[in-house]
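> Below is the structure I would like to discuss, written out as structure tokens.
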Amino acid sequence: MTRFALRGLLSRKLRTALTAIAIVLGVGMISGTFVLTDSISHAFDRIFTDARKGSDAVISGKSAFDTSSSDASLTPTFDESLLSKVRQQPGVAQAEGSVSTDSAHLIDKNGKVIQFGLGGAPNLGFSIANGKSPFNPLSLVDGTWPGPNQVVIDKETASKKHLETGQDIRVQVEGPVRTLRISGIVQFSSGLTIGGATIAGFDLPTAQRLFAKQGRLDEIAVAAKPTVSDAELVKQIRPILPADAQVRTAAQQVAKDASDTNSFIKFLRSFLLAFGGIALFVGAFVIANSLSITIAQRTRELATLRMLGASRRQVLRSIIIEALALGIMASVVGLFFGLLLAKGLFGLFDLIGFILPNTGLVFLSWTAVIVALLVGILVTLLASLRPAIRATRVPPIAAVREGATLPPARFARLRSVGAALMAVGGVAALAYGIFKHGLGTKQVLFWMGFGTLLMFIGVALFSSRLVRPLARVLGWPATKIGGAAGLLARDNSRRNPQRTASTASALMIGLTLVTLVATLASGVIASFSQAVNDLFTGDYAITAQNNFSPIPIDAADAAAKAPGVTVVGNVRTGEIHVFGKNAFATAVDPGMAQVINMKWQAGSQAVFSELGADGAFVDKDYAKKHNLRLGSRVAVTFPNGSTRQFVIKGVFDPPSGGTPFGPVTISAAAWDAQVPSPENLYSFVKTSGGTTAANQAALEKALKPFPNAKAQTRKKFISSQIGPFKQILNVLYVLLALSVIVSLFGIVNTLVLTVFERTREIGMLRAIGMTRRQVRRMIRHESIITSLIGASIGIALGLLLATLLIVRVDFLVFSFPTTQVLVFFVAAILVGILAAIFPARRAARLNPLEAIAYE
Amino acid sequence: MNQDGKAPVVVARDVTRRYGQGQTCVDALRGVSVDIESGRLTAVMGPSGSGKSTLMHILAGLDKPTAGSVEVAGQEITRLNDGDLTKLRREHIGFVFQFFNLLPMLTAEENITLPLTLAGEKGDDAWVKEVVGDVGLSDRLTHRPAELSGGQQQRVAIARALVSKPTVLFADEPTGNLDSTTGGEILQLIRESVDNRGQTTVMVTHDPRAASTADRILFLDDGLIVREMHGASSHEVITTMEEIGV
Ligand SMILES: Nc1ncnc2c1ncn2[C@@H]1O[C@H](COP(=O)(O)OP(=O)(O)OP(=O)(O)O)[C@@H](O)[C@H]1O
Ligand SMILES: [Mg+2]
């Protein structure tokens, strides 16, 4: 039986290959995801390990609470006098203090901050006390280690920006821009490269001055004497530490350093795996459909087997073995295809400016191999179950009776009712997940995922009922454009509604998801723009070049002095600890009242200037959650450990698109008293005369010394704030395109099988005068009609899902993505045309005589 | 027991078969009773649409009668479930089709031994060789059906039907798709297997010459057995056909 099944697969090579592609792509995405994330993880591991080279223990500043991000500006520094005390410890062989920052901006010849990609990667800056120290992970490519007022930069930045040893470069960290001499070019001794980041190294006093950390240190790297263990070293150091410092073994420190990126990598992995899952789900439809068609075409063969004494179980087994072989083969190919995809994903992320560190692809880990193979094979098996069970119902008499078809399923008549119920049940489960209050994130995701799955299967099963009416409408243009061929195409697509429906369903899934994404995105953009338009009464916004990094307060001060500027309102942000939890707080200055117009539930615009040293305002939901009203007191703990009481002086009602403020906002003055190096996130500017060329020029002039700051009009501000979001959107589209490609192959497959089945008929049509062109056109139109059916059902479902989510989620408004929907329809037509190329050519090549004599 | 003292291996009683229902229903069989004796070649003749194939299908357990009973090798088969029917097919029934029904991806040899493979039997090599030799295919065993002529394909089909030593072999127009010379050879093969091995065989045919090789001929018309002949010459067969207006 096994041999028989495998032989069968081999004898249908083309069909097998076309079916396998569906799985290859899905499994490829899964293995590609692992390769990608394993590679990134490996690269980060090396970066963190390299960075702690030579250390046995690391002393660092200590926040009062664990901040979720490695927010360097919030982590307290400690006094450098600690270094000499550490050096005196008996177990210490060597110790070296350092300061570091994530925002050491190197400035290029055009006065712009050097950033690669979206600017998400850090601009690393740190002190190199001694180039030859064992703690230094860098080595010189050229020049010398930095002395006073000198800087070394990394090789990549140097070569990309044509910088050389001996040149001057402007650098800005905290405070004004300084001009330094490039004393050398460095790289990691291990040859490691680090994504889109830039590196600037200074000698310690220069670094302390640049980072505004005079007399302070961020870290001390400690090497133990040969006989002293890391744990012992830590034990020796701990008692001499001040309250604002802590010590960890190097291994602990590396783990701590990596924890951020690890959770990022974990997220990226689940995110990408989801798309692999979607592609496989679509692949399952394609496989189920191809197998069904193949089995229908093999009715006679299966019946003969039954006549010769095969039991139902044997028939079932042969189909399952076939699927298993197909699954294994496709999954193995997919596994390797994943390597290619991983490369492609790196490229894709690079392209949108999300540059990830890459130290070479990490070839498939065992987890990757096992997960990818298992999932691929399982999906294939599951998809083959229904066709396999159908195959067992082929009666032996079908071997002798011409035109015998499969007996209708026992509950055939109940099928569409069942399918409809399933779809409705799916939507209900989905709605439950979305609307039911008090569900945890996991539960919400479960119900939404489960509901969507059920809905897709239900709609797919039910859609055979929709094929006839839809084909009539969507096929109408074909009959007008395609003439007789178009007419035949439309009738062909309606001839076997079930088959057309299954084929279209695969495409439906992809289109549902892209429509969902497009609608949500357009909702996000619409509500954000609306919020900015509603709130923002100023004329300009000052942000970092990358739109989200903090900018020095001096920049805002300079802008305030520019001619024409009447008011500047600043927003700072950072993490605080409040009501037992970390939260993002914002801090504002009085000028805010004139550039941002909030809707107040309690209090008024005057709150901005009345905050003082202990005033705070909160948003409506936060107030409700913690039962806050005017006059309530809130205890806020800052990263430096001090806790202050704040009095609520206002409660605002945020628009759906959000505000520049976090749940808790205090005055900038109160903030600056607690944060070592405060910076602005945004500054909003009001001018006399509004947005004019003169005002723009004045602001630009004022900001000239702050290359990382830019002034934008409201319109520009909106578009640059949503810029990165749009890039992410594009990534989503590309990832979803994978499942659309899978469904494209599904259409190819169905058409090839259909052409094969209609060999006689096509021969007959050719014999009575149909030209090759007309044959091709007929197949092409059938393909387009199928795609359009999938697209219209998919787009409708996508809009439905989006609407459900928009009703539930506060920050979304419904905004119909007209352009995108039109694009999707055009894309569906393109998919149809592409899918038809190969089958149409095969059909046109059929020799009319041979076709009729066939069998 | 009939006059020759041979035991019947297939016994049908009052078999009727109605297709469809209401106005458009067709009575393909309207009460057929017949005993098929062991070790003999029985031919079934009759005009097109008279119910020959329907009768064969019911006797072979492929189709169920609307009423009446069928016994094969002493076992009532009209109420068997699918599993028992599979067993029946493996042990008692062989079938030769008009369109050969070979599996295209298997070689001639694999096609021939397929019933044994399906039944999970090792198969007696000598016996397989003998059957293959009888049908004259010894040098064609590794060929695929597509590489064989129609006559050769039907030989493979006959060998496949014989290999499991069925209690009764059914052949529905086995020569219907072959030219007369090739058809003659196939008929001879069938006759030899009856003579040499006592293979009970029932064969539907339209060809009087083919029918004349049979030990017994049943004439079917409009769903009823209207005449029976024993050891008739082809001339006698033609006369009878004319008599009953076939
Ligand atoms: N599946 C079916 N559904 C409805 N009617 C059927 C079916 N099979 C056969 N019939 C009808 O039953 C009658 C007997 O058919 P059957 O195939 O047994 O005839 P036959 O004697 O074998 O004819 P032929 O010599 O043409 O093969 C015919 O009238 C036929 O139309
Ligand atoms: Mg017949």
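The values are calculated or read from the model by the stated rules, or taken from the named source; none is laboratory data. Every value quoted in this text rests on a predicted model; they were computed, and no experiment measured them. For neighbour counting, all protein chains shown are included, and Cβ atoms are generated from backbone atoms with ideal geometry for every residue, glycine included. To get the accessible areas, we keep the full protein, side chains included, count just its heavy atoms, and leave off ligands, DNA and RNA. Shrake-Rupley method; radii C 1.70, N 1.55, O 1.52, S 1.80 Å.
> Amide H to amide H under 5 Å from B:Ala171: which residues, 5+ apart in sequence or cross-chain, H placed 1.01 Å off N in plane?
Here the answer is B:Val96, B:Val202, B:Met203, B:Val204, since their amide H atoms fall under 5 Å of that of B:Ala171.
> Please work out how many pairs of lysine residues in chain B are eight or more positions apart (or on different chains) and have Cα atoms closer than 26 angstrom.
Close lysine pairs under the 26 Å cut-off: 13.
> If you count, for every residue in A:307-318, the Cβ atoms of partner chains within 10 Å of its Cβ, what is the mean? Could you put the intermediate results ahead of the total?
Values: counts 11, 18, 19, 8, 9, 3, 2, 5, 0, 0, 0, 0.
Per residue, the number of nearby Cβ atoms from other chains is 6 on average.
> Any lysines with Cα under 25 Å of the A:Lys716 Cα? List them, leaving off those in the same chain fewer than 8 positions away.
Leaving aside lysines fewer than 8 places away in the same chain, those within reach of A:Lys716 are A:Lys109, A:Lys112, A:Lys561, A:Lys599, A:Lys686, A:Lys701, A:Lys704, A:Lys726.
> Additional query: Report the dimensions of region A:520-567 along its three principal axes from the alpha-carbon atoms, largest first, rounded to Å.
Principal extents (Cα only, largest first): 41, 23, 11 Å.
> May I pose another question? What is the projected area of the convex hull of the Cα atoms of region A:699-812, averaged over all directions, in nm²? Don't skip to the answer; put the middle values down first.
Working: hull surface 51.8 nm².
Convex hull of Cα atoms, orientation-averaged projection: 13.0 nm².
> Another question about this same structure. Per residue of chain A, what 222 nm ellipticity follows from adding -39500 (n - 2.57) for every DSSP H run with n ≥ 4, rounded to the nearest 500? Each step should come with its number before you reach the end.
Working: 26 runs with 474 residues, N = 855.
That comes out to -19000 deg cm²/dmol.
> What is the spread of the Cα atoms of the protein assembly as shown along each of their three principal axes, largest first, in whole Å?
Computed over the protein assembly as shown, the largest-to-smallest principal extents equal 125, 68, 55 Å.
> Which far-off residues, 5 or more places away or on another chain, put their amide H under 5 Å from the one on A:Asn680, with H placed in the peptide plane?
A:Ile551, A:Ile553
> For the protein assembly as shown, give the percent of accessible area contributed by carbon and sulfur heavy atoms, probe 1.4 Å, rounded to a whole number. If you can, show how the numbers build up before the last one.
Numbers: 26450 of 45950 Å².
Of the solvent-accessible surface of the protein assembly as shown, carbon and sulfur hold 58 percent.
> Strictly over 26 Å apart at the Cα level, which of A:Lys624/A:Lys649; A:Lys161/A:Lys256; A:Lys266/A:Lys620; A:Lys649/A:Lys710 would you flag in this model?
Working: A:Lys624/A:Lys649 15 Å; A:Lys161/A:Lys256 33 Å; A:Lys266/A:Lys620 33 Å; A:Lys649/A:Lys710 32 Å.
Over 26 Å Cα-Cα: A:Lys161/A:Lys256; A:Lys266/A:Lys620; A:Lys649/A:Lys710.
> Continuing with this model, one more query. Compare A:Glu174, A:Glu757 by solvent-accessible area with a 1.4 Å probe and give them largest first, with all protein chains kept in place.
Numbers: A:Glu174 40, A:Glu757 85 Å².
Putting A:Glu174, A:Glu757 in descending order of accessible area: A:Glu757, A:Glu174.
> In chain B, what percentage of the DSSP-assigned beta bridges are antiparallel, given to the nearest 5? Please list the in-between numbers first.
Details: 22 of 38 bridges.
Close to 60 percent.
> Note down the nm distance, to one decimal, between modelled labels 7 Å out along Cα→Cβ at B:His230 and at A:Ser159.
10.3 nm
> Each residue of region A:666-671 in order: what ³J(HN,Hα) in whole Hz does its phi give by Karplus 6.51 cos²θ - 1.76 cosθ + 1.60, θ = phi - 60°, with x for Gly and Pro?
10, 7, 4, 4, 5, 5
> Treat region B:133-187 as a sphere of radius equal to its Kirkwood radius over Cα pairs and apply Stokes-Einstein at 20 °C in a medium of 1.002 mPa s; give the translational diffusion coefficient in µm²/s, rounded to a whole number. Mind showing how you got there, number by number?
Numbers: Rh = 11.9 Å.
In µm²/s, the coefficient is 181.
> Compute the Kirkwood hydrodynamic radius of region A:486-635, taking the inverse of the mean of 1/r over all pairs of distinct Cα atoms, and give it in Å to one decimal.
Working: mean 1/r = 0.0491 Å⁻¹.
Over region A:486-635, the inverse of the mean reciprocal pair distance is 20.4 Å.
> Taking the Cα-to-Cβ direction at A:Lys704 and at A:Arg181 and moving 7 Å from each Cα, how far apart do the two end points lie in nm?
The two pseudo-label positions are separated by 2.6 nm.
> Quantify how strongly other chains surround peptide B:111-119 by giving the mean number of their Cβ atoms within 10 Å of each of its Cβ atoms.
Values: counts 2, 0, 0, 6, 5, 2, 7, 9, 5.
Taking all residues of B:111-119 together, the mean is 4.
> In peptide B:96-106, how many Cβ atoms from other protein chains are near each Cβ within 10 Å, on average?
Details: counts 0, 5, 1, 6, 1, 9, 2, 9, 4, 11, 5.
The per-residue average across the peptide is 5.
> Say the dipole of region A:1-159 comes from +1 at the beta carbon of Lys and Arg and -1 at that of Asp and Glu; which of A:Val92, A:Thr75, A:Leu9 then lies farthest toward its positive end?
A:Leu9
> Compute the separation of the alpha-carbon centres of region B:207-246 and region A:1-46 and state it in Å as a whole number.
Each part's Cα centre sits 62 Å from the other's.
> Whole number in Å², please: accessible area per residue of the protein assembly as shown, 1.4 Å probe, ligands, DNA and RNA not counted.
On the way: 45950 Å² over 1101 residues.
Value returned for the protein assembly as shown: 42 Å² of accessible area per residue.
> Quick query: amide H of A:Asn547 versus all other amide H atoms, modeled in the peptide plane; which residues come in under 5 Å with a sequence gap of 5 or more or a different chain?
For A:Asn547, whose amide H was placed from the backbone, there are no distant partners under 5 Å.
> Using square roots of five times the C-alpha gyration tensor eigenvalues, list the equivalent-ellipsoid semi-axes of region A:148-238 in whole Å, biggest first. Don't jump to the answer; show the numbers that get you there.
Working: eigenvalues 188, 72, 23 Å².
Result for region A:148-238: semi-axes of 31, 19, 11 Å.
> Any idea how far the Cα center of region A:568-613 sits from the one of region A:683-760, in Å?
Comparing the Cα centres of region A:568-613 and region A:683-760, I get a distance of 30 Å.
> Just report the Cα centroid separation between region A:624-665 and region B:164-191, whole Å.
Their Cα centres are 95 Å away from one another.
> Across 10 Å bins from 0, what is the distribution of all Cα-Cα pair distances for region A:419-462, in whole percents?
Calculated P(r), rounded to whole percents: 38, 45, 16, 1.
> Still on this structure: Using only Cα atoms, find the angle between the long axis of helix A:250-297 and the longest principal axis of chain A, and express it within 0 to 90 degrees, rounded to the nearest 10.
The angle comes out at about 10 degrees.
> Tally Lys/Arg at +1 and Asp/Glu at -1 over every other residue whose Cβ is under 12 Å from the Cβ of A:Ser190; what's the total? Provide the component values of the computation, followed by the final result.
Working: positive: A:Arg46, A:Lys53; negative: A:Asp45, A:Asp50.
Summing Lys and Arg as +1 and Asp and Glu as -1 gives 0.
> Another one. Given points 7 Å out from each Cα along the Cα-Cβ axis, report the A:Ser365 to A:Asp168 separation in nanometres with one decimal.
4.9 nm
> Treat region B:1-84 as a sphere of radius equal to its Kirkwood radius over Cα pairs and apply Stokes-Einstein at 37 °C in a medium of 0.692 mPa s; give the translational diffusion coefficient in µm²/s, rounded to a whole number. List each step's numbers first, then the result.
Details: Rh = 13.6 Å.
For the chosen part, D equals 241 µm²/s.
> Against the longest alpha carbon principal axis of chain A, how many degrees, from 0 to 90 and to the nearest 10, is the axis of helix A:714-757 turned?
Approximately 20 degrees, to the nearest 10.
> Per residue of region A:681-698, what does 6.51 cos²θ - 1.76 cosθ + 1.60 with θ = phi - 60° give for ³J(HN,Hα)? Whole Hz please, x for Gly and Pro, Karplus curve as stated.
8, 10, 10, 10, 10, 10, 10, 8, x, x, 7, 10, 4, 5, 5, 4, 5, 4
> Let me ask something else about it. In Å² (nearest 100), what accessible area is buried between A and B, both sides summed, heavy protein atoms only, 1.4 Å probe? Could you put the intermediate results ahead of the total?
On the way: alone 36680 and 11520 Å², together 45950 Å².
For chain A against chain B, roughly 2200 Å² becomes buried.
> With equal scatterers on the alpha carbons only and no solvent term, can you work out the Debye log10 of I(q)/I(0) for region A:550-707 at 0.14, 0.16, 0.19 1/Å?
Result of the Debye calculation: -0.70, -0.88, -1.14.
> Write down the Å³ per residue value for the convex hull defined by the alpha carbon atoms of chain B. Walk me through the numbers on the way to the answer.
Numbers: hull volume 33.1 nm³, N = 246.
Considering the Cα atoms of chain B, their hull volume per residue is 135 Å³.
> Hey, what did region A:550-707 get for relative contact order, percent, Cα under 8 Å, at least 6 apart? Could the numbers behind the result be given before it?
On the way: 325 pairs, mean separation 56.9, N = 158.
Reported relative contact order: 36 percent.
> What's the angle, to the nearest 10 degrees (0 to 90), between helix A:2-11's Cα axis and the longest principal axis of chain A?
Roughly 90 degrees between the two axes.
> Jot down the radius of gyration and Dmax of region A:44-257, Cα atoms only, both in angstrom.
Expressed in Å, the Cα Rg and Dmax of region A:44-257 come to 16.9, 54.
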